[in-house]
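Chemist: Attaching a single structure in structure tokens format; questions to follow.
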Amino acid sequence: MGLSTRRDFVRQAAMAALCCGGAVRGGSEAWMRSGEHGPRASIDADALRKLSGKVQGRVITQEAPDYDAARTIFNKAFDLRPGVIVRCASSSDVQRALEFAETASLELSVRAGGHSRLGYGMCDGGVALDFSAMRRVDVDAGKRTGRAQAGSLVRDLDEATARYGLATTSGGCPTVGVAGFTLGGGEGRLMNKYGAACDNLRSAEVVTVDGRVVVASEESNPDLFWAIRGGGGNFGVVTALEYRVHPVGEVLSGALVYESDRLPELLQAFARFVESASDEMNAFAQIVPSRERARLQIDVCHCGEPGEGRELIAPLRTLKPQSDSVRVMSYLEAQAAGGFLLKPVAHYQTNLFLRDLGGSAISALATAVQHAPAGCKLILVPLGGAVSRVKVSEMAFALRQPGFEIDIAGVWNSPEEKADVVRWVESTRDRLRPLAQGAYVNQLGDTSDQLVRLCYGENYARLVELKKRYDPKNVLRRNQNIKPA
Ligand SMILES: Cc1cc2nc3c(=O)[nH]c(=O)nc-3n(C[C@H](O)[C@H](O)[C@H](O)COP(=O)(O)OP(=O)(O)OC[C@H]3O[C@@H](n4cnc5c(N)ncnc54)[C@H](O)[C@@H]3O)c2cc1C
């Protein structure tokens, strides 16, 4: 079978499996259950005392006054109570925590920024590795590199690099952890120009599940390096990430907002704009539904010459947005103005990847918008430019075709609202499924083996082989799991 035929076969098989309703787990049933408390853990107190004596960081037990704060994660839909939280200060703390979990046969979770859509950073009853005390970022402006400890947040990395007029692709939300973000791919405002975050990773320090501290890079453990650039937290516990950074000064950035009953027309214009844009331009669109007049917000960030940026957005301006905040500002300001939620919130967000925003997709989106409950929205993230010029086989991250990631999202404050949101997210996802050719692992709010295969396409088989080598017992399974068998 030729390469492209094989690729299509893998995608079709994954889609076929995905499309049979019963085959997909993690649907509404799982969502209705989430939020239940797990059992109170009975971990041997003496063993915990010994662990405390061995780690440089902190061992936070269920009795500690800050236990509840320490177990808080961004998605409040998940209320998980680990048996113990090990707040690591070094890679040797990670080694001790891994040993402890193995000896006590406890489940393990790894938390960096705590923004997993499925609450994977915490676990019920097990050992939660917590990197929130490891947030140092060192920049070598001469070498154009930045090294972030595994607990660093997007804003830590952005602020440290900005001091030198430098930046690398980081997320749109300042409180996302760079570790979870980069290991799953990493999409942000500079990606069309400089690639996804994983494309900018030069090396990482990794503690393997058998307790070795290794460097993963093109030169050292290249297979592991291939796997962690997109394969998520499946292959080892990462303690530091070294990035390529680039000169980024001021950008032309802001939002154009349309309140309109002409949504299909506006989406067509957005698709044309994306197609004609240069690598310097990044944009995404958010549709906030309403029965009468949906609100479309197009966020742009142009990191090249501002005049060129203004020319590119001129067609969007002729569509007469009700508000237009696009202006020249620092890259840091653009990152902070993203409008993302900063406080934890109960939500369900998932996604599918579409190669184009054609008539069927637009009509599916317009229909979904008409039936959306309050608190729901659609986010359209175009992928292309530098991201699409990397070969699929280059590393685990496989979304290399130009196209649109469609994020389907809803937040709630009560069980009644939750039921409506979950129904809408799932019915919109199902409506788009026949058009989908992939999914982005970091923004999946549901899971199944079929979905994980869909994310990795032709890279999936190699990932399974590497999982067998690096984590044969599937110790690292609180993630979009690549199973070793
Ligand atoms: C509000 C919000 C905004 C977002 N914006 C963007 C965006 O602009 N672009 C984008 O691409 N994504 C975005 N995401 C998705 C985000 O990239 C993923 O949720 C990512 O996994 C979050 O990483 P984290 O470290 O914050 O999460 P955590 O919950 O701490 O970690 C998530 C998972 O990553 C793995 N992991 C984390 N740290 C390590 C480590 N040190 N070693 C090994 N494995 C580890 C583990 O499997 C863990 O369960 C957003 C998510 C939210 C909630």
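Chemist: Do the alpha carbons of any pairs in Lys54/Lys483; Lys76/Lys377; Lys320/Lys343; Lys193/Lys391; Lys343/Lys377 sit beyond 27 Å of each other, and which pairs?
Modeler: Lys54/Lys483; Lys320/Lys343
Chemist: Near Lys418, which aspartates and glutamates are there with a Cα under 13 Å away, not counting those fewer than 8 places off in the same chain?
Modeler: In chain and number order, the partners are Glu29, Glu426.
Chemist: Can you give me the angle between helix 45-54 and the longest principal axis of the chain, using Cα atoms only, in degrees from 0 to 90, rounded to the nearest 10?
Modeler: 80 degrees
Chemist: Relative contact order for segment 313-408: what is it in percent, counting Cα pairs under 8 Å that are at least 6 residues apart?
Modeler: 34 percent
Chemist: How high is the FRET efficiency from Lys343 to Ser220, r the C-beta distance, R0 41 Å, rounded to 0.05?
Modeler: Here the calculated transfer efficiency is 0.55.
Chemist: A further question on this structure: Can you tell me how much longer the chain between Ser90 and Arg469 gets when fully stretched, taken as 0.36 nm per residue apart minus their C-alpha distance, in nm with one decimal?
Modeler: This chain segment gains 134.0 nm when fully extended.
Chemist: Tell me the relative contact order for the chain as a rounded percent, counting alpha carbon contacts under 8 Å between residues six or more apart.
Modeler: Computed value for the chain: 17 percent relative contact order.
Chemist: What is the gain in length, in nm to one decimal, between Glu275 and Arg433 on full extension, counting 0.36 nm per residue of separation less the C-alpha to C-alpha distance?
Modeler: 54.6 nm
Chemist: ³J(HN,Hα) across segment 276-290 via Karplus (A = 6.51, B = -1.76, C = 1.60, θ = phi - 60°), whole Hz, x for Gly/Pro?
Modeler: Result, ordered by residue: 8, 6, 7, 4, 5, 8, 10, 8, 9, 10, 10, 10, 9, x, 6 Hz.
Chemist: Taking only Cα atoms, what is the 0 to 90° angle, nearest 10, from helix 359-370's long axis to the longest principal axis of the chain?
Modeler: So the helix axis and the longest Cα principal axis differ by about 70 degrees.
Chemist: Name the residues whose placed amide hydrogens come within less than 5 Å of the amide hydrogen of Arg202, ignoring near sequence neighbours (fewer than 5 apart) on the same chain.
Modeler: Answer set, sorted by chain and number: Glu242, Tyr243, Arg244.
Chemist: Another question, then. Roughly how many nanometres apart are two label points built 7 Å out from the Cα toward the Cβ at Glu311 and Ala45?
Modeler: 7.4 nm
Chemist: What list of ³J(HN,Hα) values in whole Hz, one per residue of segment 215-224 in order, does the Karplus curve 6.51 cos²θ - 1.76 cosθ + 1.60 (θ = phi - 60°) give from phi, with Gly and Pro shown as x?
Modeler: 9, 10, 7, 4, 8, 10, 6, x, 5, 5
Chemist: Using alpha-carbon pairs under 8 Å, 6+ residues apart, how would you state the relative contact order of segment 43-130 in percent?
Modeler: 33 percent
Chemist: Sticking with this structure for a sec: Where does each of His347, His371 land when they are ranked from fewest to most other beta-carbon atoms within 10 angstrom?
Modeler: Result, fewest neighbours first: His371, His347.
Chemist: Mind checking the dipole of segment 164-231: about its Cα centre, +1 per Lys or Arg Cβ, -1 per Asp or Glu Cβ, Debye to the nearest 20?
Modeler: Dipole magnitude for segment 164-231 comes out near 260 debye.
Chemist: Just grab the label-to-label distance for Arg423 and Ser363, each label 7 Å out from Cα along the Cβ direction, in nm (one decimal).
Modeler: It is 2.5 nm.
Chemist: I'd like the distance between the alpha-carbon centres of segment 263-313 and segment 404-437, rounded to an integer number of Å.
Modeler: 23 Å
Chemist: Also: If you rank Asp130, Asp68, Asp449 by fewest surrounding Cβ atoms within 10 Å, what's the result?
Modeler: Arranged by neighbour count, lowest to highest, Asp130, Asp68, Asp449 become Asp68, Asp449, Asp130.
Chemist: Could you compute the FRET efficiency for Ala64 and Glu102, with r as their C-beta to C-beta distance and R0 at 25 Å, rounded to 0.05?
Modeler: Efficiency, rounded to the nearest 0.05: 0.60.
Chemist: Report the calculated FRET efficiency for Arg462 and Val328 (r = Cβ-Cβ distance, R0 = 35 Å), to the nearest 0.05.
Modeler: The computed FRET efficiency comes out at 0.20.
Chemist: Quickly rank 87-93, 155-161 as a protection proxy: mean count of other C-beta atoms within 10 Å, highest first.
Modeler: Put in order of decreasing packing, that is 155-161, 87-93.
Chemist: Now, a different point. May I ask you to evaluate 6.51 cos²θ - 1.76 cosθ + 1.60, the Karplus curve with θ = phi - 60°, for each residue of segment 256-270 and list the ³J(HN,Hα) values in order in whole Hz, giving x for glycine and proline?
Modeler: Using θ = phi - 60°, the values come out as 10, 10, 10, 9, 7, 9, 10, 4, x, 4, 5, 5, 4, 5, 4 Hz.
Chemist: Taking the beta-carbon count within 10 Å as an exposure proxy, list Arg117, Arg462 from fewest neighbours to most.
Modeler: By the 10 Å Cβ count, ascending: Arg462, Arg117.
Chemist: If packing is taken as the average count of other Cβ atoms within 10 Å, what order do 313-321, 181-189 fall into, highest mean first?
Modeler: Highest-to-lowest ranking by the protection proxy: 181-189, 313-321.
Chemist: Sticking with this structure for a sec: Amide H to amide H under 5 Å from Gly121: which residues, 5+ apart in sequence or cross-chain, H placed 1.01 Å off N in plane?
Modeler: Close amide H contacts, sequence-distant or interchain: Ser116.
Chemist: Continuing with the same structure: How far apart, in nm, are the 7 Å Cα→Cβ label points at Arg355 and Asp138?
Modeler: Modelled inter-label distance: 4.6 nm.
Chemist: Here's another thing I want to ask about it. Compute, for the chain, the length of the dipole vector about the Cα centre, with Cβ point charges of +1 (Lys, Arg) and -1 (Asp, Glu) only. Units Debye, rounded to 20.
Modeler: It works out to roughly 500 debye.
Chemist: Just how far, in whole angstrom, is segment 206-225 from segment 54-130 if you go by their alpha carbon centroids?
Modeler: 22 Å
Chemist: Quick query: amide H of Ser290 versus all other amide H atoms, modeled in the peptide plane; which residues come in under 5 Å with a sequence gap of 5 or more or a different chain?
Modeler: Here Arg295 satisfy the definition.
The numbers here are math on the coordinates, done by the rules we state, and not lab data. In this text the structure is predicted, and so the values were computed from the model without any measurement. Please note: Cβ atoms are built from the backbone with ideal geometry, for glycine as well, and neighbour counts cover all protein chains shown.
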